[in-house]
Structures are given as C-alpha cells and as structure tokens.
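Since the structure comes first, as structure tokens, the remarks are kept for the end.
Just so it is clear, none of the values below were taken in a lab; they were calculated from the coordinates. Computed from a predicted structure; not experimentally measured. In this analysis, Cβ positions are derived from the backbone assuming ideal geometry, glycine residues included, and neighbour counts consider all displayed protein chains.
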Amino acid sequence: MKRLALNRKYGLLRSLLNRKSKLTTHNKLTIYKSILKPTWTYGIELWGSAKKSNIDKIQSFQSKTLRTILDAPWYVSNRTIHNDLNIPTVYKVAQTRFRSFHTNLEAHPNPLISALSSHTHPLNPPRRLKRRWPRDLLGE
C-alpha cells in the first residue's frame, strides 16, 4: 500500500524530478525529502516485523527515485548514490527511528510504559520460530 501511494505522488512530481527538469539537484532532493520521504517514514518504527520483501519494495522506490534525480547511468551502484547524497537506506532509517522510539519509551515517566519496553516484561515473550519483531532492530 505504501508503494502505491509513493507511485501516485511520484507520478505527480515526475516532471519536476526527471532529467529534463531545470531544477538543481539540491532542489530535487528537497522535494524528495519533503514530499516523498515522509510518506514511507510514517510509522516506520513498526517495520521491524515487516517482511524483507516489503522493505525491499520501498528501498527499490527510493533507489529509483534517487537515480532519476541524479540522472545516474546504469553502471553507478545504488550504494554509491546513497553515499554521495548522504541518504541512508530504508533499513537504516527504520533501525535508527526504532532505536530512538525505544529510548524514549524507556525514559518515559509512566512506569507502565517504560516497563513494556523492557525485554523481560511478560508481554514481550522470547522469540519463537522465525518471527521478526520490531525489537529485533535493537540487537543489530
């Protein structure tokens, strides 16, 4: 669903972001960061339990958009594009935002809320099978 919303917004902005646009790269990145990025970062703290394939869909959108903004040729790797623009990958953003969210929970003045964030709380049982939980982002 996020990818569909991103595709719709990107379709409206395509003429501003493509290589024929007269905007500078800086302005194109500002449009990306202010309009497209908030669409996929909303609620990202919960993505620790998302399937890798779902996260990869958002990552592929980000890589394609950044490649379009730079008008980068096919032989430039996505990692190079991310490093040059100093833009983290989707997984890194999810990891950073979840750690920040978890730190805020632990420091919460309400003892019930701070206790829920503890790994030893009864509502946080040990992992079973191959299920991924948002708290898995803390261990990496």
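Before moving on, here are some points about what is shown:
- With 28 Å as the limit, the listed pairs 33/57; 28/92; 9/92; 9/52; 22/52; 22/51 have 22/52; 22/51 beyond it between alpha carbons.
- Separation of the range 78-92 and the range 1-56, taken as the distance between their Cα centroids, equals 14 angstrom.
- Each of residue 26 and residue 5 was given a label point 7 Å from its Cα along the Cα-to-Cβ line. The distance between the two points is 3.1 nm.
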